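Just so it is clear, none of the values below were taken in a lab; they were calculated from the coordinates. Not measured: the values here are computed from a predicted model. Please note: Cβ atoms are built from the backbone with ideal geometry, for glycine as well, and neighbour counts cover all protein chains shown.
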4 protein chains.
Amino acid sequence: MLGYAFMGKAHSNAFRKLAYMAWPPPLVPRLVAIAGRNEEAVAEAAQRYGYERWTTDWQDVVSDDTIGLFDNGGPNSLHAEPTIAAAEVGKHVLCEKPLGRTAEESFDVWQRVAAAGVKHLCGFNYRFVPAVRLARELIDEGALGEIRHFRGRYLQDWGDDPTLDTWRFDPGQAGSGALGDLGTHVIDLARYLVGEMKSVAGFVKTFLPGRRVDDALEAAVEFESGAVGTIEATRLALGRRNAFQWEINGSDGSLAFDMERMNELQVFTAGESRTRGFRKVLVTETAHPFMEWWWPPGHIVGWGDTFMHEAVHLLRAIADDSDVAPHGATFEDGYRASEIAEAIVRAGETGRRVELEFRT
Amino acid sequence: MLGYAFMGKAHSNAFRKLAYMAWPPPLVPRLVAIAGRNEEAVAEAAQRYGYERWTTDWQDVVSDDTIGLFDNGGPNSLHAEPTIAAAEVGKHVLCEKPLGRTAEESFDVWQRVAAAGVKHLCGFNYRFVPAVRLARELIDEGALGEIRHFRGRYLQDWGDDPTLDTWRFDPGQAGSGALGDLGTHVIDLARYLVGEMKSVAGFVKTFLPGRRVDDALEAAVEFESGAVGTIEATRLALGRRNAFQWEINGSDGSLAFDMERMNELQVFTAGESRTRGFRKVLVTETAHPFMEWWWPPGHIVGWGDTFMHEAVHLLRAIADDSDVAPHGATFEDGYRASEIAEAIVRAGETGRRVELEFRT
Amino acid sequence: MLGYAFMGKAHSNAFRKLAYMAWPPPLVPRLVAIAGRNEEAVAEAAQRYGYERWTTDWQDVVSDDTIGLFDNGGPNSLHAEPTIAAAEVGKHVLCEKPLGRTAEESFDVWQRVAAAGVKHLCGFNYRFVPAVRLARELIDEGALGEIRHFRGRYLQDWGDDPTLDTWRFDPGQAGSGALGDLGTHVIDLARYLVGEMKSVAGFVKTFLPGRRVDDALEAAVEFESGAVGTIEATRLALGRRNAFQWEINGSDGSLAFDMERMNELQVFTAGESRTRGFRKVLVTETAHPFMEWWWPPGHIVGWGDTFMHEAVHLLRAIADDSDVAPHGATFEDGYRASEIAEAIVRAGETGRRVELEFRT
Amino acid sequence: MLGYAFMGKAHSNAFRKLAYMAWPPPLVPRLVAIAGRNEEAVAEAAQRYGYERWTTDWQDVVSDDTIGLFDNGGPNSLHAEPTIAAAEVGKHVLCEKPLGRTAEESFDVWQRVAAAGVKHLCGFNYRFVPAVRLARELIDEGALGEIRHFRGRYLQDWGDDPTLDTWRFDPGQAGSGALGDLGTHVIDLARYLVGEMKSVAGFVKTFLPGRRVDDALEAAVEFESGAVGTIEATRLALGRRNAFQWEINGSDGSLAFDMERMNELQVFTAGESRTRGFRKVLVTETAHPFMEWWWPPGHIVGWGDTFMHEAVHLLRAIADDSDVAPHGATFEDGYRASEIAEAIVRAGETGRRVELEFRT
């Protein structure tokens, strides 16, 4: 594990919990080592989460032959080099999103890791929300018919504090602001649920004086399938704490979702006559994705539990040598999200709609 | 009155009802004449709504000197000529939206009516939803601080019927599809609540084979104030019947609204600590806009009642010789909405962001 | 019409509006006369609502042979005598709820009016909310199976004002407080939707010092069918303005409703597997009760419009000599609601569950 | 640990997770032994949750001197004897609710455990939902003023299956049905939030043929403070999976809650004028109860996490020798909940309101 803060905690919890909740686990993780810059903090994290040892040098982890999976939860500027290094010595890798600070960097990470032949998963954990997976299953089954609209927005408000100082506001460490942090989540779920995008129009925007990264982005998008919609993200939507909301309309039905109520999926099916309306589905049934591991129907899971679902998925891919895709985001998905994010920036700078082209 | 269908009904009801509900009324309307193309239908409408006489020739109404207000609720292709004619003989005019089928036509209507010196109101009735007026009042009082975001979408689903045949699908009569019908509503409220727009990027889209007008539009927009956001409209959002939803985020608070629950306004005010959250305000208090005319708190009004609020506003402007603006949409507002709508079409066609310029 | 205040306004609006909205109307009302105690107020009301004449003596109205329907919207203490007098000279009668101040008085009104052979309707207008009628239709069709639970509560908060002085707080004029005002609405809808009650346990309660009527009631009830549930009403639920909420659970489905969102009905149907959940039905479809008179789907009606539905129902019963029951509340329903209300008081006083017995 | 099924899983997860999430933990649990009737199942549970050993004989656990805390998550019929035995050899005890199958049994458990001088906590875990604790804090601070109403209902629907066979339907093992399982939760939170009850009227009801325990209960209740309300629970509310909903109205404000959205608390504060309304508080702020252990604001916790909060509370009481009350439910609270539950049964059988008396 690289990183002991927000993501380090989320991932460590996932690895500890899956061993008994996702029973029987595909593999039982052994928490060998954790790396971080601050010696005191990383030492405490090791003790807290049960890592066998800690280090302030990530290369120490990379060179440890007893380690089979390298999990990178560090700041964006520390994604590329350690992840590539770990893969190149044969470790499977899990890297938080965005994969790199730029599309170029993301492409490089993907290419070199893929060349190493290891399993790779980019941490778009919202694919592992039960309601999101259920949405994907319904779409795969054709419940929505031909998809016409996707409207996604990721609204937070913690950015409205000019005194706040974090690596997330430092272009060198973060690469971008709301775009890489929140926008890539919207882009990734749009791709996961609706398919690949064809073009984007729009722009990014910075509001707070002195802020060096974007606060928000606004885009009108087209998908290859012909569906159209909008993608938005902002850290300045006062009153919205973690409102990743999306709606999909197809020729046979619609779906709607809000991360602040992540255990619910709104489902509309055409053809219901006098009692037509969106159904509020509480995604906690035994037949729902991931829920066999949890509680009886009606008992909700938390945000942190999505990381456990993600970790189990990766461990199963390792154990069975099965594909991370389509349900897990691969590093190619991570690269493509970055490519689309940059296209929005470019569309804003040039005032022109950008037709997407992906490197392969 | 020109037109006896959907809008004819809504306006006629408004004029009848205001005489006793908006007590004391600024003027008591006398329903002199109604014009329409189908003789049988217009005759029945006259009897139904209590017009003194009916005619199949709108010029008959225009030339009637006892008529002081000409209300145009006909199809879009019948907006310009009769409205201009009525104004030019000195009648005040109320014309449904969109003002014309094109920006050019809308500009012409505005110019010639304004030159006639009569009162003119374009039927953007959603300005007269109590919750919308309350939103405007809160914004005027500075409750939101500096506005940063507007996201508006008008979602309906009745367009998902390839067999449907109405003037609304005929480019000659309607001018455009979802754009003029729904999109202009979003544009008008955006302008009413946030201020003038500066640029638009995006496009319109037609889905159904053989459909000759647009089904949907998607746009990323900038306001002159620096606020940014999205504007969407579609007739193909299955399960959404009249979901005109918008959200505004400012530096001191946020507002959110859904026309399907038009008596509610969601209000967030920054600085509420441990019990921070959006308040669900039921806009039925005596202190709320328009509600002094209605019932005790908690008793909601209906969609049709917004037309009564609008009609009272216009009658008061006539009675007092006061301005229709800012709370009523003037024909200039009608023209500007058309200009912005066309800019979205142009942005789509050219693949370029359009910087808005308004004729004056 | 007797009464020009809250109910006088609601009823007058209904009679004016139905003539053109409920087209073609079963009968076209002529507003002959309005009576009220305050000369100035009743004169203004006559002018406002278009009554041909006014009087301060209700007997004047009763003795007017040109009047065919007597509508009593006065305070509860003025329900019995004028209503009986009007019926006994052959007028059809509409009387606001509660029918009388006591079960005894209600019984007397019912018996004497029924003996007169005229049509009688007690103003439980919530039977005429489209969503409530839809609920009844669904239940009649067996969509819920065997009904097991009814939980109804009518929550308001205007009673939380010790300085307020109205006839509604005067036992002589009102008979009771929340019980007759709000509780009878819950009782009536429970009977309309679930069937007759068998027993009640519970009590009424007065909170504010010096208040001479009850503020709230709480009851656990059994129905003849075996269904069980609760009935509550209060004028002291801060934040609830007109929250008449009820839920019904049956062996095949459930329904839920809130008057503050009166255009919505929540519908659950058993057997929906992976996408099970309550559907939020927006009761504005053309196929929904009463909606053929109104707007296209998605455009909501207001609270006041329920009175128009009620008035049309009564006029049709008069025009066709058809039964007011089962969809309209007859005076027998009015009496039975009072009988049940008093049983709750008696249950509280004696500490014993009361088995209901109705006089016939 | 006694029990390896639903509650065994919930408690085991809590003990494992608190060691690193509730950092620094008051005590680090060592999972010594787990007991259960089925040898194969208990062996697997031991392996799964990491217990050092397993046994089919709970007395084995009781007699193990290395064990300091005995956690009883077995069926109701196994609550009394093992819990008392463990306490009498000096172990602290955590016992699931209901404490006993009858009030008599519950009283006995409380008395004997209290006499042993150990810490005791009865598993009313909903006291440890962050929104519930926040509600309690707001009430303690006087934010609601004098409380007037409590209306609580616990609605599930899994009981609607005549083929289902579980110890929960066996009177010998369960004691009662919805009453002990769900009703005691409502009673406990009513007592925790509003205070002690004074009297109950109402009854229990069994719907399904052949079912040997109650399916539902309905009660009208009075509190010692003068507040009044209703208490309901049912396993037959189709469409409700875990809807423990309650609302509290006071003289200065109101609160409302639904377990299916357990991270939200609806808060109404009197005196908010034009923007009055319930605030939807997302209880995920750092300043909210328990949330310092979790994620940044906006990221919700799950149902299972309440058990961790409960376990930390008990461990802290043990570590610091501090009181389990008032935030934890003691065995006295467990006994009182049983006493009130039985009073509802008695009220139904006798048709009389029951004035509550508690043994001490």
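Observations on the model:
- Measuring against 28 Å, Cα to Cα, the residue pairs B:Lys280/D:Lys17; A:Lys97/D:Lys17; D:Lys119/D:Lys205; C:Lys17/C:Lys97; C:Lys9/D:Lys280 contain B:Lys280/D:Lys17; D:Lys119/D:Lys205; C:Lys9/D:Lys280 as the ones spanning a longer distance.
- Rough spin-label spacing in nm, given labels placed 7 Å along Cα→Cβ, for C:Glu104 and D:Val32: 7.3
- Its convex hull of Cα atoms gives the range D:290-337 a direction-averaged projected area, equal to a quarter of the hull surface, of 4.3 nm².
- Using bins of 10 Å that start at zero, the share of Cα-Cα pairs per bin across the range D:77-117 amounts to 35, 59, 6, in whole %.
- Potential lengthening between B:Arg212 and B:Phe358 on full extension [0.36 nm per residue; Cα-Cα distance subtracted]: 49.8 nm
- Debye log10 I(q)/I(0) for the range D:180-231, one point scatterer per Cα, at q = 0.19 Å⁻¹: -0.65
- Cα gyration tensor, chain A - rounded (a/c under 1.5), prolate or oblate: oblate
- Rounded to the nearest 500, the helix-only mean residue ellipticity at 222 nm of the protein assembly as shown stands at -10000 deg cm²/dmol, with each DSSP H run of n ≥ 4 adding -39,500 (n - 2.57).
- DSSP beta bridge pairing in chain A, given as percent antiparallel to the nearest 5: 65
- Cα gyration tensor category, rounded, prolate or oblate, for the range D:1-131 with a/c compared to 1.5: rounded
- Three principal axis extents describe the C-alpha atoms of the range D:121-176; from largest down they are 48, 25, 18 Å.
- Across the identical copies, how the C:Pro24 labels are spaced - nm, sorted shortest first, 7 Å along Cα→Cβ: 3.9, 7.9, 8.8
- Nearest-0.05 FRET efficiency for D:Ala41 and C:Gln47, computed from C-beta distance (R0 60 Å): 0.15
- For the protein assembly as shown, the square roots of the Cα gyration tensor eigenvalues, ordered a ≥ b ≥ c, give a/c of at least 1.5 with a/b no greater than b/c, which places it in the oblate category.
- For C:Thr230, the residues whose modelled amide H falls within less than 5 Å of its own, excluding neighbours fewer than 5 places apart on the same chain, are C:Phe150, C:Arg151, C:Gly152, C:Val221.
- For the rotation that carries chain D onto chain A, the axis lies closest to a Cβ at D:Gly302, 2, where the number is the distance in whole Å.
- Cβ-vector label at 7 Å, B:Pro209, separations to other copies in nm: 5.5, 5.9, 7.9
- Residues in the range A:205-222 that a label on A:Arg346 would reach, taking backbone N under 20 Å of a point 7 Å out along Cα→Cβ: A:205, A:214, A:217-222
- Between the beta carbons of A:Asp323 and D:Asp161, assuming R0 = 35 Å, the FRET efficiency works out to 0.35 to the nearest 0.05.
- Cα-based Kirkwood hydrodynamic radius, the range C:196-260, one decimal, Å: 13.8
- The Rg/Rh ratio for the range B:143-291 is 1.04, where Rg is the radius of gyration of the alpha carbons and Rh is the Kirkwood radius.
- Take the Cα of B:Gln173, step 7 Å toward its Cβ, do the same at C:Ala287, and the gap between the two points is 2.6 nm.
- C:Glu224 label point (Cα plus 7 Å toward Cβ) to equivalent points in the other copies: 4.4, 6.7, 7.0 nm, shortest first.
- Diffusion constant of the range A:84-140 at 4 °C, which comes from Stokes-Einstein with the Kirkwood Cα-pair radius and 1.567 mPa s, µm²/s: 103
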